[in-house]
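Throughout, read-outs are computed from the coordinates displayed, never taken from laboratory work. Source: prediction; values computed, not measured. Cβ placement follows ideal geometry from the backbone for every residue including glycine, while neighbour counts extend to all protein chains displayed.
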Amino acid sequence: MEYNTAVCRGIPKSLIEGGLRLENDHSPIDEALMRRQHDEYTDALKKCGLKVIELPADESLPDCVFTEDAAVVFVKKAVLTNQGHPARRAEVNEMRKALEQAGVEIFDMTEEPDSHVDGGDVLFTGSEIFIGDSKRSNKAGADFLRKSFGIPVHQIKVDEGLHLKSNCSMLGLNKIIISNDKDGKSMAKEIMEAAQNPYTFVFVSDIKASNVVSFNKTVFIPAGYPESRKIIEENVGKEIKLVELGNTELAKVDGCLTCCSILINA
Ligand SMILES: CN(C)C(=N)NCCC[C@H](N)C(=O)O
Ligand SMILES: [Zn+2]
């Protein structure tokens, strides 16, 4: 898919102690490395020709760097999400301003208190949406997306991971990269059963390598997974540029590469 703008956000110091973690693994975050890795990420977006809107960090919102969760954008429409975890719901306020500036039509899920979606649960294939039935996103949230966007939206069960896209993401047109563990295999089966289009699945052994950012003939992949990188190279066209990015520090609070941006055509 072609995009011209990315919406990112600064990292508050409060993420280090206050970032939500699925596991209570308390491996300490190296703040300098975390900030360097995030700068490399936003620089890479700019090098790919995207205008990067960098929203200000907010110390009262430790996870606000993960802009993907605060909105879902489909062509010129945006759903502002009512996130699953209460501590993250106010992230939508800054996001609303950015999307209003971008001139997209806004549907505000926060008006429906029982509907919940984190953008990390939303796999948009270009013609339909697969959304996690997860710790953070529910059926009412899926219904809101279907009503707002007017495209098919199918719920896919998420057991272990935080979000659907903790185990999969779009690698290219109708091509889904997915982890080859138990969860990834069951997600692939459910997606195939629900899909209205044929998709090819690229299975990788490293769960973290299943979350990539694919846009404008480029794919961002997480550094440190050479086997998965080889599989990705074998499954993308020669014209596709792979950009390896370090993500070790935000991964400690369950962040991955799609989390830190929303890609739009403003
Ligand atoms: C695809 N993924 C995983 C995401 N879009 N979001 C990651 C959010 C992590 C944050 N600490 C939290 O637990 O909300
Ligand atoms: Zn994520």
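For the chain, with the dipole built from +1 on Lys and Arg beta-carbon atoms and -1 on Asp and Glu ones, taken about the Cα centre, which of I231, N93, V153 lies farthest toward the positive end?
I231
Are there GluC sites (Glu not before Pro) in segment 21-69 that DSSP marks as loop and that have at most 13 other Cβ atoms within 10 Å, and which are they?
Those satisfying the criteria are E23, E59.
From the convex hull of the Cα coordinates of segment 23-81, what is the mean projected area in square nanometres?
Quarter of the Cα hull surface area: 6.0 nm².
Short version: ³J(HN,Hα) in whole Hz for each residue of segment 89-94, in order, from phi by Karplus 6.51 cos²θ - 1.76 cosθ + 1.60 (θ = phi - 60°), x for Gly and Pro, what are they?
5, 6, 4, 5, 4, 5
Quick check for me: using +1 on Lys/Arg Cβ and -1 on Asp/Glu Cβ, what's the dipole size of the chain about its Cα centre, in debye to the nearest 20?
The dipole magnitude comes to about 660 debye.
Given the options L20, L173, I262, identify the residue whose Cα lies farthest towards the positive end of the charge dipole of the chain (+1 on Cβ of Lys, Arg; -1 on Cβ of Asp, Glu).
Of the candidates, L173 comes out farthest on the positive side.
Please list, in chain and number order, the residues 5+ apart from L245 or on another chain whose amide H is under 5 Å from its amide H, with Hs placed from the backbone.
I221, A223
Among the GluC sites (Glu not before Pro) in segment 188-253, which ones are in a DSSP loop with at most 15 other Cβ atoms within 10 Å of the Cβ? Mind listing them?
Filter output for segment 188-253: E239.
Would you mind checking K135/K189; K97/K135; K182/K230; K157/K217; K77/K165; K51/K77 for any pair whose Cα atoms are more than 25 angstrom apart?
K97/K135; K157/K217
Among G120, M187, T200, which residue has its Cα furthest toward the positive end of the charge dipole of segment 5-264, with +1 on Lys/Arg Cβ and -1 on Asp/Glu Cβ?
About the Cα centre, the residue reaching furthest to the positive side is T200.
If amide hydrogens are placed 1.01 Å from N in the peptide plane, which non-local residues have theirs closer than 5 Å to the one on Q155?
Those qualifying (amide H under 5 Å, at least 5 residues apart or on another chain) are I131.
Taking H as built 1.01 Å from N, whose amide H comes closer than 5 Å to the amide H of A71, not counting residues under 5 places away?
T81, G119
Can you give the Rg to Rh ratio of the chain, both from alpha-carbon atoms, with Rh computed by the Kirkwood formula?
In the chain, Rg relative to Rh is 0.92.
Residue by residue through segment 155-171, what is 3J(HN,Hα) from phi via Karplus (6.51 cos²θ - 1.76 cosθ + 1.60, θ = phi - 60°)? Round to whole Hz and write x for glycine and proline.
Along segment 155-171, the couplings run 7, 10, 5, 10, 8, 6, x, 6, 10, 3, 7, 6, 10, 6, 6, 7, 9 Hz.
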